[in-house]
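Participant: Before I ask anything, here is the structure I am working with.
Readers should treat all values here as calculations from the given coordinates under stated rules, not as data from a laboratory. What you see is a predicted model, and the numbers here were worked out from it, not measured in a lab. Methodologically, a virtual Cβ is constructed for each residue, glycine included, from the backbone with ideal geometry; neighbour enumeration extends over all protein chains shown.
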Amino acid sequence: MEWIIGIAVFVAILGLLPWMLSDTRKRQKRRDSSGSVMAVGGAITGVFEPEKAAAMQEIETRQQLELTDEDEAAKDDPGGKPGT
């Protein structure tokens, strides 16, 4: 009796697998397109609001510097956690 339930669950999972995979592909397409929309929005912001574009560039630069500092700290102390 228990093996029948196990087989039924397995068959149900196999039946749902194509639907789950197609849904994942749709989400990936939406995620890719949202990135391009953000890029276009950033370009338009750069043209019409240069102060805001400069602030965004400054934030990106600071984030990159923080990541670089964390990478260097990890290289200096390979046994420890970065940032500590």
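Participant: Residue by residue through segment 61-72, what is 3J(HN,Hα) from phi via Karplus (6.51 cos²θ - 1.76 cosθ + 1.60, θ = phi - 60°)? Round to whole Hz and write x for glycine and proline.
Facilitator: Calculated HN-Hα couplings, in order: 5, 4, 5, 5, 5, 5, 5, 5, 5, 5, 5, 5 Hz.
Participant: If you don't mind, there's one more thing I want to ask. For the peptides 1-10, 64-73, what is the packing order when you average, over each peptide's residues, the other Cβ atoms within 10 Å and list the highest mean first?
Facilitator: 64-73, 1-10
Participant: Sort 52-62, 13-23 for me by packing, meaning the mean count of neighbouring Cβ atoms within 10 Å per residue, highest on top. Don't skip to the end; give the middle numbers.
Facilitator: Working: 52-62: 11.5, 13-23: 9.5.
Result, highest mean first: 52-62, 13-23.
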